[in-house]
Amino acid sequence: MKFVIVALAFMFFSITILAADKYESANNAMFNGDYQKALELYTEVMKGGKQDADIYYRRGMAYLYLNQFDKALADFNLVIDKDKKNPDAHNNRGLCHSYMGNVDMAFDDFSVAIKLDPKFAQAYINRGSALVSKGEFDKAIVDFDQAVKIDPKNPELYLQRAGLYYYLGDYAKSVENYDKTMELGLINSKIYFNRGNSHFKNGAPTKAISDLTKAIELDSTDIEALMNRAYIHHFMGDSINADADKAKAEEIKYAKYTPVEDLKFVTYSNAGKDFFMDLPEGWNLIESDTSGGMINFFITPEDISIESEAMLIGVTVGIMKDMSSKYEVKSESDILDFWKGSLDYSNEDMQEYTVQWQRHQEWNQHGTLLNLSTVQADQNYLRFNMYEYAIAWGDNLIFVYFQAPEDTFGYYRKVYDRALQTIKIGENYKLD
């Protein structure tokens, strides 16, 4: 019996050492930016019995860095339950609320953090950002100023205040704060880029070009800096340098893509063999539920679940059969008019829906309509360019949407132009 007790004591000691090793390894992983590994190790330590506020706080930080805000929020809630006077936990819970769109709750947490630690400069910055979201700009400036007053040698605070002034349209003060940021030793390509934009907005295009040039020297692949410098060159009447910057930006943008002429195209079709089209090998065909009577499927290079994720790049195909039995259409011309009306209706809530051009043409003696359009849901979403293609095939409407974010559409348009030439309709739609 005595031997067993000693053995158990030894086992407990070993487990404690192992847990401590994992805890230290988790901390090292956090320090090195390997947040997934840190998360896994903290969870293992917790399973070993460590359940104090510290371990939940550290795991919450790992979740926060991994953008898993709901799980981070749950951990910070537990920290605050165990230690209500922890200003860091309130600040980080406020960040979770902020990222999840709960601005009022974020504001409350940042305020508690400040009350618990009146010298918490970053909490003032965070609360100021929440005030910006609430439209209370004067109060936001007060909080940003207080942060700088608390920690006047911290360049990060001037950097964030520079961004606030740019947002508010006070470009002179934005430049002043970027100057102070760099004076305190924080210098990188993005700061030159942002100060360059502030200079331009403040009426100093020459200084803007100088800063954007420094940004490009530090990061020669910065497409935004090249495009902004091109815009300013054009603004100043220097079309030669503007065109050179645009060409360089395009070269960088598409360097990661395989030239379209080198791609292997294969034929894709849905299970019912209703529609055929050639696209690059390796894309995924995803079929939707057809119980509603409409055939709908997607072909995309992305590995996504259509039910829960939005497709950024790819093709949507839809087939509506027996149109005259469901809608007031009597001819192929009526079907195309119906489609145009449905586009207007479905896009009326978009921030932007612009048809750049529209082409009416016949295909295999049937009417078709092709739009090149730009679409953006609102300012928080990407702008997309799209080919919107409709075929009136007897009493059926076949529509095909080819889409990509605006900044990559130049490449995918070449893919889609080729795909358009390969469309075939299934034998079951053959008309007399």
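The values are calculated or read from the model by the stated rules, or taken from the named source; none is laboratory data. Predicted model only: the values in this text are computed from it and were never measured. Here the Cβ positions follow ideal geometry from the backbone for every residue, glycine too, while neighbour counts run over all protein chains shown.
Here K214, K153, K115 are screened, and the one residue that is out of contact with any Leu (no Cβ under 8 Å at 6 or more places or on another chain) and closer than 28 Å to S98 by Cβ is K115. Any residue at all in region 195-205 that's among the aromatic types (F, W, Y) and at pLDDT 95 or above? The answer is yes; a qualifying residue exists.
Cβ separations smaller than 9 Å between residues 6+ apart or across chains give the following pairs from region 358-383 residues that are under 18 Å from F338 (Cβ atoms) to residues that are among the small types (G, A, S) and not in a strand (DSSP E or B): H366/G394; G367/S331; G367/S333.
For T267, state whether it is touching a residue at least 24 places away in the same chain (Cβ under 8 Å), under 26 Å from the mean Cα position of the chain (by Cα) and more than 30 Å from G128 (Cα to Cα). So T267 fails the test.
Only residues that are buried (at least 16 other Cβ atoms within 10 Å of the Cβ) and in a helix (DSSP H, G or I) were counted in region 183-204, giving 12.
Among the residues of region 364-400, those identified as part of a strand (DSSP E or B) and among the aromatic types (F, W, Y) are F384, Y387, Y389, W393, F399. Residues satisfying the criterion are absent from region 39-55 (criterion: more than 20 Å from G163 (Cα to Cα) and under 22 Å from the mean Cα position of the chain (by Cα)). The condition (being in the same structural domain as F275 (by TED's automatic domain parsing), of a type outside the set (F, W, Y), at pLDDT below 85 and surrounded by fewer than 17 Cβ atoms within 10 Å (Cβ to Cβ)) is satisfied by just one residue among D337, D378, D322: D378.
Among the residues of region 340-375, those that are surrounded by 14 or more Cβ atoms within 10 Å (Cβ to Cβ) and farther than 27 Å from I423 by Cα comprise M350, E352. Within the option set L168, L159, L131, L116, being in contact with a helix residue (DSSP H, G or I) (Cβ under 7 Å, 6 or more places away or on another chain) and at pLDDT 95 or above holds for one residue only, L116.
Looking across region 270-287 at every residue that is without any contact (Cβ under 8 Å) to a residue 24 or more places away in the chain and acidic (D, E), the one that is nearest to D417 (Cα to Cα) is identified as E281.
Selection of region 319-356 for residues being among the charged types (D, E, K, R) and assigned to a helix (DSSP H, G or I) yields E332, D334, D337, K340, D344.
Applying the set (1) surrounded by 13 or more Cβ atoms within 10 Å (Cβ to Cβ); (2) at pLDDT below 90 to A72 leaves exactly one unmet item: (2). Taking the listed residues Y178, Y158, Y124, the one that is among the hydroxyl-bearing types (S, T, Y), within 30 Å of A244 (Cα to Cα), under 27 Å from the mean Cα position of the chain (by Cα) and crowded, with 16+ Cβ neighbours inside 10 Å is Y178, with no other qualifying.
From the list A208, A249, A215, the lone residue that is part of a helix (DSSP H, G or I), more than 25 Å from V148 (Cα to Cα), of a type in the set (G, A, S) and at pLDDT below 95 is A249. The residues of region 3-61 that are on the phi > 0 side of the Ramachandran plot and either touching a His at 6+ places or on another chain (Cβ under 8 Å) or at pLDDT below 85 (or both) amount to a single one, G49. Among the residues of region 260-272, the one identified as exposed (fewer than 11 other Cβ atoms within 10 Å of the Cβ) and modelled with pLDDT under 90 is A271.
Counting residues in region 384-400 that are closer than 29 Å to E281 by Cβ, of a type in the set (F, W, Y), in contact with a Lys or Arg (Cβ under 8 Å, 6 or more places away or on another chain) and in contact (Cβ under 8 Å) with a residue 24 or more places away in the chain gives one or more.
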